[in-house]
Amino acid sequence: MMILLTTRIAKHDVNLTSSMIAKFAIRLGCANTPRKYRHTGSASKLSSVKERLAHVPDLKKFLSATSVQNVPGIVEDIVPPYMQEQLHHGKKVYFETYGCQMNVNDAEYAWAILQNKGYAKTDDLHQADVILLVTCSIREKAEEKIWSRLEYLKQLKECSAVYGYPKVGILGCMAERLKHKILDKQRAVDVIAGPDAYRDLPRLLQECSESSSSTINVMLSTDETYADIMPVRFDKKSKKAFVSIMRGCNNMCSYCIVPFTRGQERSRPASSILDEVRMLSEQGVKQVTLLGQNVNSYRDTSESQYTSSSPNLSKGFKTIYKSRYGGMRFADLLDKVSHIDPEMRIRFTSPHPKDFPDEVLQAIKGRSNICKQIHMPAQSGSSDVLERMRRGYTRESYMELADKIRDVIPNACLSTDMISGFCGETEHDHRDTITLMEHVKYEMAFMFAYSMRQKTHAYHRMKDDVPNDIKRRRLNEIISTFTNCLTNVLPKNIGQTQLVLVDGLDRKSSSHVSGRNDGNLKVKFPVRDIPVYKCHQSTERTPKPGDYVMVKIVNSLVSSLVAEPMCIISLSEFHNQFATS
């Protein structure tokens with residue numbers, strides 16, 4: 001034991017006297033041991049040795065009782081250089097975020113990690129020591145933006161006499177998917193970090209600074225949720241925030257790159273989520289959006305009291321992966337989050353239609369602060385195309401679910417994603433999509449032409465056989481169908497009293513305030529002083545971001561509503577006094 005101890009400490013170039021080594025040996029219970037106990041030739045002697053060793057401290061007690069800095073003559077810090085914490089006081093980092101809300105949230109996690117290491121944030125690209133692009137790989141157009149931006153940053157780095165040499169990093173989905181192409185094509189990139197490697201950012205930046213060579217970590221994790229890291233919001237003035245509750249996806253839809261860029265599903269512990277929502281409530285945040293690639297398949301197995309819960313799917317829906325049992329499900333999490341602050345709106349995205357069992361619909365219906373806007377990505381209205389997409393449902397089962405949601409939650413606003421021109425799509429398939437949209441009558445829709453992504457099932461097994469001009473024509477028809485439906489859907493709001501969470505001045509008119517109603521539709525109304533509901537004094541003021549304002553809808557535009565403001569009111573007061581089911 002003494003030899004091992006001496007060797008270990010010697011690795012740190014610490015010179016110990018024999019008396020110091022003796023002190024450590026006493027702590028270990030090795031010193032002053034009678035010679036007779038050092039020989040185990042008989043059972044009695046062996047018994048005596050065991051008896052004496054029973055009083056020797058174990059390793060845990062030794063570590064807690066012994067600290068090297070308390071030994072005279074030993075330097076206080078003997079941590080190897082590669083384990084020492086590197087702080088970067090004064091270095092400025094600049095973020096650019098592309099793609100979905102998940103990327104915005106990822107950027108906030110990355111910033112929290114770098115801030116903890118002494119970095120400062122800047123909004124001026126030309127003042128940055130580090131430029132980080134949080135990227136998206138879902139569609140080809142999103143990647144084209146990144147390539148164009150990298151060309152500019154390459155030129156920026158070449159202007160070294162003016163700007164110095166900022167380090168450029170690619171984070172997120174594109175980093176994982178195109179790591180080799182990025183290094184080969186763009187010599188301007190110094191750091192490549194995948195969605196599960198943000199903890200490693202400080203080391204990657206340190207190494208590329210010291211070696212002047214690119215560093216990379218795109219390893220996907222089976223358990224990384226960043227549960228112990230509190231993201232630092234970029235816009236602290238905003239009264240809205242995103243909260244990540246799970247990462248990755250198991251659905252393996254044939255067109256989708258997400259399982260390959262973000263890995264398999266893993267859910268963040270509920271206790272961590274609830275702590276973050278409480279913190280946001282204390283900061284005055286009025287709306288939280290729960291995030292996940294398949295947010296409503298959430299399953300926290302750390303909650304032992306939910307070990308028997310079953311993965312109830314929507315009627316008529318199935319998965320290509322084996323259903324798993326146990327753990328807290330999304331409906332329970334949604335209910336717990338909604339109880340933290342009755343004045344905080346709760347939204348969630350992006351869900352999968354298969355994970356809307358009755359419990360989830362009842363939770364949305366039963367809590368006034370859970371918004372009644374439900375995203376249901378259909379992707380196509382054709383059962384044949386849906387089968388090739390591996391979506392796990394038919395046209396009929398999807399429409400049945402949409403009708404059920406309208407029945408259970410009469411004031412629900414439905415939104416969707418639609419893809420035109422998927423592999424093998426015929427004109428008949430396209431017409432099925434048109435008629436499905438006419439049946440459901442969505443309030444919002446995100447519509448795209450199909451672009452094949454490498455690594456996906458479609459890339460390996462199918463042919464991208466719909467010509468681009470036909471894709472564009474079908475996409476335009478889908479957009480036109482959605483717009484025509486809106487002309488019938490939005491006017492139904494006229495005359496209604498609604499609650500709007502104010503964002504700020506309208507971008508198109510400084511004489512109007514804009515915000516979102518419960519269904520996430522944009523509502524704008526004139527800027528003026530209005531009463532504060534149930535105020536003890538006769539008080540009027542102009543609504544500000546974060547205020548709930550009761551309005552009366554007076555008109556509808558192409559994709560928004562126009563209203564007259566009535567009063568500033570709390571969410572609970574509005575639902576108790578004025579809301580109609």
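Structural remarks
- With both labels modelled 7 Å from their Cα along Cα-to-Cβ, the H180 to Q577 distance reads 6.6 nm.
- Normalised radius of gyration (Cα atoms, divided by 2.2 N^0.38 Å) for the range 373-487: 1.05.
- Interchain or long-range residues, amide H under 5 Å from I370's placed H: I346
- Accessible-area composition of the range 297-455, carbon plus sulfur, in percent [1.4 Å probe]: 49 percent
- For the range 407-420, 3J(HN,Hα) per residue [Karplus equation, 6.51 cos²θ - 1.76 cosθ + 1.60, θ = phi - 60°, Hz, x = Gly/Pro]: 6, 6, 10, x, 9, 5, 10, 9, 10, 8, 10, 9, 10, 9
- Probe 1.4 Å, accessible area per residue of the range 403-487, Å²: 46 Å²
- Applying the Karplus relation 6.51 cos²θ - 1.76 cosθ + 1.60 with θ = phi - 60° to the range 293-302 yields 3J(HN,Hα) values of 5, 9, 4, 8, 9, 3, 7, 9, 7, 6 Hz, where x marks Gly and Pro.
- K92 long-range amide H proximity, modeled H, under 5 Å: A120, D129, V130
- The relative contact order of the range 125-175, computed from alpha carbon pairs under 8 Å that lie at least 6 residues apart in sequence, is 58 percent.
- Listed peptides 196-207, 355-366 appear in the order 196-207, 355-366 once ranked by packing, highest mean of other Cβ atoms within 10 Å at the front.
- Candidate residues H439, H375, H428, H512: accessible-area rank, largest first, probe 1.4 Å: H428, H439, H512, H375
- Given their separation in residues at 0.36 nm each and the Cα-Cα distance between them, E400 and N488 gain 29.5 nm when the chain is fully extended.
- Net charge contributed by nearby residues that have their C-beta within less than 10 Å of E540 (K/R +1, D/E -1): +1
- Tensor-based shape of the range 171-212 (alpha-carbon gyration tensor, a/c under 1.5 rounded, otherwise prolate or oblate): oblate
- In order along the range 187-202, phi translates into HN-Hα couplings of 5, 6, 7, 9, 9, 10, 9, x, x, 9, 10, 5, 4, 8, 4, x Hz, rounded to whole numbers, per the Karplus curve 6.51 cos²θ - 1.76 cosθ + 1.60 with θ = phi - 60° and x for Gly and Pro.
- Ligands, DNA and RNA excluded, the heavy atoms of L150 present near 0 Å² of accessible surface to a 1.4 Å solvent probe.
- Whether the range 189-339 is rounded, prolate or oblate, judged on the alpha carbon gyration tensor where a/c under 1.5 counts as rounded: oblate
- Accessible area per residue in Å² at 1.4 Å probe, computed on the range 248-361: 36 Å²
- If the chain linking S271 and E158 were pulled fully straight, counting 0.36 nm for each residue of separation and taking away their Cα-Cα distance, it would gain 35.9 nm.
- In this structure the amide hydrogen of M219, modeled in the peptide plane, comes within under 5 Å of the amide hydrogens of G194, none closer than 5 places in sequence on its chain.
- On the beta carbon distance between K544 and N411, with R0 = 22 Å, the FRET formula returns roughly 0.25.
The values are calculated or read from the model by the stated rules, or taken from the named source; none is laboratory data. Computed from a predicted model, the values in this text were never measured in an experiment. Backbone-built Cβ (ideal geometry, glycine too); neighbour counts: all protein chains shown. Side chains included, ligands, DNA and RNA excluded: accessible areas come from the protein's heavy atoms. Shrake-Rupley method; radii C 1.70, N 1.55, O 1.52, S 1.80 Å.
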